[in-house]
Every structure is written in structure tokens, then in C-alpha cells.
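The values are calculated or read from the model by the stated rules, or taken from the named source; none is laboratory data. In this text, all values refer to a predicted model and were calculated from it rather than measured experimentally. Quick reminder, even Gly has a Cβ in these numbers, built from the backbone with ideal geometry, and neighbours come from all protein chains shown.
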């Protein structure tokens, strides 16, 4: 899920990402997309918040812009060869305020997540990607996403992508959002619940892009996740949230040399 901080991170990382192409003298093109997206306020929430939907892409000459799924973390490849790439990943997770969960459960602070990704372009149309991020504050847990995308495109004129997603998390992350401590149980009346690590959600993402002319284009996405395992069975979700997690966004893009 994109946000302002992620967009700025991508923009700042643009030069290192293309440093390996320093010998290519063709002019660079940059495409910047900006618009709104609606996402769950925090994992397991049944309320939503509006955030910026930002994408920054770069290419050389007449090369197509590289495909990026709308729900992947901000990052850039440190190593890229023969369809394989690896690099850092940056994510954020919104704050869960006590009043968001009836005023009876613990707050989880806004979280910056740092980690990395690995992706493989199996064919022109099929891409696999895995990423993992660790919260440096806030929930302080570890979460990961594994996904595949089937991409149909006519160069940069239009693009449609769809693919499944598997989200995983460790004990600390799961308990931050889905667990009920003894203190929380005493205040809320919910049962004590120890949410173990494992699969958090399964779902799918679809993204579309249409270039209107040489400069302007539009893009959008929709994503659905179904909480499962200890996350789906959590009394926190039953009392204050939803197992169904939906998000989507729409952006206007501008391409310049």
C-alpha cells in the first residue's frame, strides 16, 4: 500500500536504482503517479482511512517502465540480472488508537518497517516476488508477503495485472494487532488470546494502467485479503474489526524526460 513516505523513499532511491545503467547514454524518462487510496486503518480494522497513492517509475529511452504491483513495498534493486532482482524494502503501518478498539485495548503506534525483497521475472507475463519487513518501532514485529502477478500489457500504452497474495507474520506482530493480553482482557471482557505467528491472510490484487497520451495516464488497483489462522480467529477482529480487508486506489500520472 502506497503512502507519502513510501513515495518519497522511492524518489530518493531512484538514482541508486539506476546506477548500474551508468554506461547507457540514452535519456531517462520519469513517470510520477499521484492520487488517493482507501485502506484499512490498521490490520484487522473494519474502518478505513484515505492515504496518498504514489508511484515513481524511471526508464531509459524507449524502454518500457518496469512493472510494479500497486501493493508492493517501496524499494529499488541493488542487484538485477537475468530477470532476478533483490533490494531493500520500506513499509509503514498505521497507528491503532485505543479508541479504535473500544477504548479497552492497548494502542499500537505508527510503525516504520525496514526489510528487503527478492523477485524473479519467470516470463514476460509472470513475475514472482517475496518481501519481508521488520518494524523498527510500533508493533516491532516481522511480516512478509509472497505474491505472483500475471501481467498483460501493450508496452506502456496499457497494462492489466492480477495475482494471488499470501501474508505472513511472526508472534510479535500477530499479538500486537490480534492478541489479547491479561490486562486487555480485564478491561474489555474479551478472553485472553495468544495469537501465534504464521499465515495472516490470503488474497489477491488487480491493477490497471492506461496511458492517455505521451504525458498523461491513469492507473488504479483493488485488493482483497481474508484474515486467516490466528488473525482470523482473533476475538479482537470479532469484536472490533473484520476478517475481510479491502483496499483500492486511483491515480493520475505524468511522464517527463
field: Residue selected from the range 73-128 under the condition in contact (Cβ under 8 Å) with a residue 40 or more places away in the chain and farther than 27 Å from residue 139 by Cα, by the criterion nearest to the chain's Cα centre (by Cα)
entry: 127
field: Where residue 236 falls short, out of the listed (1) at pLDDT 95 or above; (2) surrounded by fewer than 19 Cβ atoms within 10 Å (Cβ to Cβ); (3) not in a loop (DSSP other than H, G, I, E, B)
entry: (2)
field: Unmet criterion (only one of (1) without any contact (Cβ under 8 Å) to a residue 40 or more places away in the chain; (2) closer than 21 Å to residue 238 by Cα; (3) out of contact with any helix residue (DSSP H, G or I) (no Cβ under 7 Å at 6 or more places or on another chain)) for residue 184
entry: (1)
task: Restrict the check to the range 9-21 and report whether at least one residue is over 14 Å from the mean Cα position of the chain (by Cα), at pLDDT 90 or above, surrounded by fewer than 14 Cβ atoms within 10 Å (Cβ to Cβ) and at negative phi.
output: no
Members of the range 203-233 found to be under 23 Å from residue 147 (Cβ atoms) and part of a loop (DSSP other than H, G, I, E, B), listed by number: 228
message: Considering only the range 47-59, I want to know if a residue exists there that is in contact with a helix residue (DSSP H, G or I) (Cβ under 9 Å, 6 or more places away or on another chain), free of Cβ contacts under 8 Å to residues at least 60 places away in the same chain and assigned to a loop (DSSP other than H, G, I, E, B).
response: yes
- request: State whether one or more residues within the range 246-255 are within 18 Å of the chain's Cα centre (by Cα) and without any contact (Cβ under 8 Å) to a residue 60 or more places away in the chain.
  value: no
